[in-house]
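Asks: Could you have a look at this structure, given as structure tokens, before my questions?
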Ligand code: 6PG
């Protein structure tokens with residue numbers, strides 16, 4: 001029984017099939033955004049689930065078909081680790097996607113979470129979002145697409161249950177604290193996520209079922225992802241969906 005999640009739910013029979021469908025969806029949104037000469041600004045998710053999606057986008061036909069020069073890449077969150085650390089979300093994106101497609105390096109906006117002063121680093125990233133993205137209807141910087149994962153506790157990005165970052169309303173990125181190492185983080189905030197034109201969760205595995213139930217019940221941070229003027233889509237595999 002697929003959980004009655006807000007927005008559109010797509011259930012795939014396997015993680016590989018989910019990556020295929022999510023890649024087609026991202027590619028479609030990118031093609032639409034760049035068709036008239038515009039750009040495509042996307043915030044990438046961290047963790048492990050998005051790996052297959054990034055690898056799929058970096059392979060034919062998408063590698064050869066998409067107008068990568070018009071892509072701008074941001075990150076939903078980052079661990080307090082150097083960009084070549086195995087824990088780095090940037091490293092995941094670099095190795096699986098950014099090294100394989102011709103996105104201009106100046107259009108890849110990395111969260112500098114290795115800086116000693118995370119508050120300053122988060123404020124700097126908030127300023128980058130504001131300076132490089134157009135304002136949405138409510139004034140927040142508007143991304144074309146935000147990719148998100150969900151933790152077993154219902155967190156998303158690095159918006160963990162009970163942390164101060166959940167309530168940050170006046171900044172687009174802030175420092176946060178995870179419940180597992182690396183504990184110190186930088187994360188985008190709900191106002192930034194909810195200003196996006198499209199937000200998609202990528203969710204696989206039985207361990208995420210309770211978190212999805214928490215979204216339905218409104219009891220976990222991911223339940224607060226509700227883009228006011230945009231699409232919300234859930235890519236689930238059959239196991240996460242309870243099938
Ligand atoms: C991170 C992610 C985090 C992740 C979830 C799910 O930095 O870890 O931003 O929000 O998306 O924890 O992680 P998995 O995809 O590894 O299950």
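No lab work stands behind these numbers, since they all come straight from the coordinates. This structure is a prediction, so every number in the text was calculated from the model and none was measured. Heads up, the Cβs are rebuilt from the backbone with ideal geometry, glycines too, and the neighbour counts pull from every protein chain shown.
Asks: Multiplying the sequence separation of residue 1 and residue 170 by 0.36 nm and subtracting their Cα-Cα distance, what value in nm do you get?
Replies: That pair, residue 1 and residue 170, stretches by 57.0 nm at full extension.
Asks: Sticking with this structure for a sec: Using a 10 Å cut-off on Cβ atoms, rank the peptides 178-185, 60-67 from the highest mean neighbour count down.
Replies: Working: 178-185: 14.9, 60-67: 13.2.
Top to bottom by mean Cβ count within 10 Å: 178-185, 60-67.
Asks: Defining a contact as two alpha carbons under 8 Å apart and six or more residues distant in sequence, what relative contact order in percent does region 18-101 show?
Replies: 34 percent
Asks: Given a Förster distance of 30 angstrom, what is the FRET efficiency for residue 130 paired with residue 55, based on the Cβ-Cβ distance and rounded to 0.05?
Replies: Numbers: r = 31 Å, r/R0 = 1.05.
In this case the efficiency is close to 0.45.
Asks: With a Cα-only, solvent-free Debye model of region 30-129, what are the log10 I(q)/I(0) values at q = 0.10, 0.21, 0.23 Å⁻¹?
Replies: -0.28, -1.11, -1.26
Asks: Testing the spin-label approximation: label points 7 Å from Cα along Cα→Cβ at residue 179 and residue 228. State their distance in nm.
Replies: Here the answer is 3.0 nm between the modelled labels.
Asks: On the Cα set of region 8-241, report Rg and Dmax in Å, please.
Replies: Rg, Dmax (Cα atoms, Å): 16.2, 44.
Asks: How large is log10 I(q)/I(0) at q = 0.09, 0.14, 0.16, 0.21 Å⁻¹ when the Debye formula is applied to the Cα atoms of region 104-243, each weighted equally and without solvent?
Replies: -0.27, -0.66, -0.85, -1.34
Asks: Could you compute the FRET efficiency for residue 152 and residue 84, with r as their C-beta to C-beta distance and R0 at 30 Å, rounded to 0.05?
Replies: The computed FRET efficiency comes out at 0.60.
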